[in-house]
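Read the structure below first, then the notes.
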């Protein structure tokens, strides 16, 4: 089915349209930290209507890779146009390391958790979602080190 809005656009133009339209709210709340965050599922829920509107498909795959004796989940998010027969696509990879152990989780849950994390960051990269204000990016995880001052953050 051809969409007059998109049928002459290349995949980069379509991705730009999706990126500028996407609103992916933080639909989850961390019970312990009390902060809001978005999951891969939140991003997918928001992006699926835009994919249809811009005549694109999204495929996310996982691969287990070993780096330096540690196991990582490598997630790849690929967007392609349904109207373009040239097989052009754009892909973004993200990695998350599997914890060796995690209290209360079996091996499958540990892998699933790493997969969810890697997928979220592959989607963030593909759709230009900025998570710099998320506690994931700013949480010092109990560090006793002093927080940088504004001048230190700016590189002065």
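Please list, by residue number, everything in region 64-92 whose backbone N is under 19 Å from a paramagnetic label point 7 Å out along Cα→Cβ of residue 12. Output list for this probe position: 78-92. How many angstrom lie between the C-alpha centres of region 58-131 and region 14-42? With region 58-131 and region 14-42 each reduced to a Cα centre, they are spaced 16 Å. Taking the number of Cβ atoms within 10 Å of each Cβ as an exposure proxy, the fewest-first ranking of 65, 92 is 65, 92. The residues 74, 31, 14, when put in order of fewest to most other Cβ atoms within 10 Å, stand as 31, 74, 14.
Between residue 101 and residue 41, the distance separating the two model label sites (each 7 Å from Cα on the Cα→Cβ line) works out to 2.9 nm. Diffusion coefficient (Stokes-Einstein, Kirkwood radius over C-alpha pairs, 20 °C, 1.002 mPa s) for region 11-132: 138 µm²/s, rounded to a whole number.
A simple spin-label model places the labels of residue 90 and residue 67 2.3 nm from each other, with each point 7 Å out along Cα-to-Cβ.
The simple Förster model, with R0 at 30 Å and r as the Cβ-Cβ distance, assigns residue 21 and residue 109 a FRET efficiency of 0.30. Residue exposure proxy: 22, 126, 15, ordered by other Cβ atoms within 10 angstrom of their Cβ from fewest to most, comes out as 22, 15, 126.
Here, each number is a calculation from the coordinates, and none is a lab measurement. Computed from a predicted model, the values in this text were never measured in an experiment. Glycine gets a Cβ as well: all are built from the backbone with ideal geometry, and neighbour counts include every protein chain shown.
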